[in-house]
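Take a look at the structure set out below.
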Amino acid sequence: MLGANAEFRSNFQAGRNRIDRVNEYQHKTGPFPIEEELKALMLASQDGDADAHQRLLKRLSRHLRAYYKGKLIRVGRGATEAEDLVQEAVLAIHIQRHTYNPEEPLTPWVHAIARYKLIDFLRRTRASVADVPIDEANEITAHDDHLSAESSFDVLKLLNRLPEKMQCAIQAVKIDGLSVAEAARRCGISESGVKVSVHRGLKALARVIAQRTGT
Amino acid sequence: MKTDELITALSLGVEPVNRRRVNRTIGLALVVGTLVAVVAVLVGLGVRDDLTTPRAVVFLLMKLAFALSTAGVASVYLARAVRPGGERKISVGLLAIPFAAIMLLAAVSLGQAPSSHWDRMVLGSEWLECFLSIPIIAIVPFALAIWAARRAAPTNLVRAGALSGLVAGGVSSVAYALHCADDSLPFVAVWYGGTIVLCTLTGAILGPRLLRW
């Protein structure tokens, strides 16, 4: 009896020591080092820094992959569907990055988009929405998965479903890497027309993807 | 397709974004919606003709205070609810304050009057006109609020739809108050409050259909 008590006390103490070490670590690095880093990338991306934008999307895609694989496995879906969702979410983050308010933390914003796309996916593939597990915002950055599969669609092939002007603008800016001025000349529209066409075209593309995976 | 290929494509020609765009769009929808509603009332119904009496002015101001505070809080919350995750930063309690206040005032006013007057105080002379006008005038402000919400990314479509309806109902009540000559607090509580709630419910029902992205 006395022995068991002593063992409990020593286990308890070991547990306390571990918690202390974690607290000490968090005290030095801040509670969410991932949050700070991703937020800095997002702010740069909002200012038009292409390199930061690419790094942000790459980092987030790995978190999203781990998140979606974990959620979909519980409803019996595979890696390809997880990758479809990763790309839908990446596209949504790109299109909607103007809706991120820098006064707020980034993680809940990303989580809200990821979860919205998950629920939308489950709804249109006729799974019960009751299957959507309850989760917390910090779950989105809890894990990291770089083992990407191929998605079931090719965003670039879906381009041909868009109006010609949008196709031309996206092809020129996003695939051939032309500047806005060059794209405007190639497509025969104004520079602001190119920007609007790219933005609207990507939104239209996101809708095409959402409808496609529904059937 | 590989996700990295998509990311590479998206990272070409990255334009800076306007962080104020969401709030500006909501603000624009609010201003234009109010203008349309006020002009509709001025042209279609006309301003109440007894505005020279202090009593009419006091009641007009009271109705405006109720309608403006409703529309004001609702549009601040709408600007939050159209951002991903923003629906968590909405306090239903604060939205309910104007309604609770007008209902309390209405109850006090009924309590002070003899019960034989209650019918007239609640129904006024134009309850049907009020009941029909506010939702009809709210259509354009509602469409504008939905337009603004669609330019952002709400992740709770029921709430974003409900707030769009609430903004529209509030704006419409502001405009209708210019015409309405029924001056009793129970009338305002029932017919203004009730129709605004109806607009909110309609928005909540239409939200998931109109706002999906």
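Laboratory data are not the source of any read-out in this text; all were calculated from the coordinates shown. Being a predicted model, the structure only gives us computed values, none of them experimental. FYI the Cβ positions are ideal-geometry reconstructions off the backbone, even for glycines, and counts take in every protein chain you see.
By how many nm would the segment from residue B:209 to residue B:129 lengthen if fully extended, with 0.36 nm per residue of separation less the alpha-carbon distance?
25.9 nm
I'd like to verify something in chain B: which complete DSSP H helices, judged by Cα projection on the helix axis, reach 18 Å or more and average at least 1.0 on the Kyte-Doolittle scale? Let's see the in-between values first.
On the way: long enough: B:21-44 (33 Å, 1.82); B:54-81 (39 Å, 1.34); B:92-112 (30 Å, 2.07); B:157-177 (30 Å, 1.30); B:193-210 (25 Å, 1.27).
Span-like helices in chain B: B:21-44, B:54-81, B:92-112, B:157-177, B:193-210.
Across chain B, C-alpha contacts under 8 Å between residues 6 or more apart give a mean separation that, scaled by the residue count, equals a relative contact order of 33 percent. Projecting the Cα atoms of A:106, A:121, A:93 onto the dipole axis of region A:32-152, where Lys and Arg carry +1 and Asp and Glu carry -1 at the beta carbon, places A:121 farthest toward the positive end.
Between rounded, prolate and oblate, where does region B:25-104 land on the alpha carbon gyration tensor, with a ≥ b ≥ c its root eigenvalues, rounded for a/c under 1.5, else prolate if a/b exceeds b/c? Because a/c hits 1.5 or more and a/b fails to exceed b/c, region B:25-104 counts as oblate. Were the residues from residue A:192 through residue A:208 laid out at 0.36 nm apart, the gain over their Cα-Cα distance would be 3.4 nm. Sorted largest first, the spans of the alpha carbon positions of the protein assembly as shown along the three principal axes are 85, 75, 41 Å.
Counting Cβ atoms of other protein chains within 10 Å of each residue's Cβ and taking the mean over peptide A:168-176 gives 3. Listed by chain and number, the lysines whose alpha-carbon sits under 30 Å from that of residue A:174, ignoring those within fewer than 8 places in the same chain, are A:39, A:58, A:69, A:117, A:157, A:165, A:195, A:203, B:2. Sequence neighbours fewer than 8 away in the same chain don't count; with that in mind, list the lysines whose C-alpha is under 30 Å from residue B:63. By straight Cα distance, residue B:63 reaches B:89. For residue B:179, the residues 5 or more places off, or on other chains, whose built amide H falls under 5 Å of its own are B:48.
Working note: 222 nm ellipticity from helices only, DSSP H runs with n ≥ 4, each -39,500 (n - 2.57), summed and divided by the residues of chain B, gives -23500 deg cm²/dmol to the nearest 500.
Principal axis analysis of the Cα atoms in region B:1-150 yields extents of 76, 35, 26 Å, listed in decreasing size.
For region A:32-152, count all C-alpha to C-alpha pairs, find those more than 21 Å apart, and express that count as a whole percent of the total. Value for region A:32-152: 34 percent of Cα pairs lie more than 21 Å apart. Legend: calculated FRET efficiency, residue B:48 to residue B:21, from the Cβ-Cβ distance at R0 = 35 Å, rounded to 0.05, equals 0.35.
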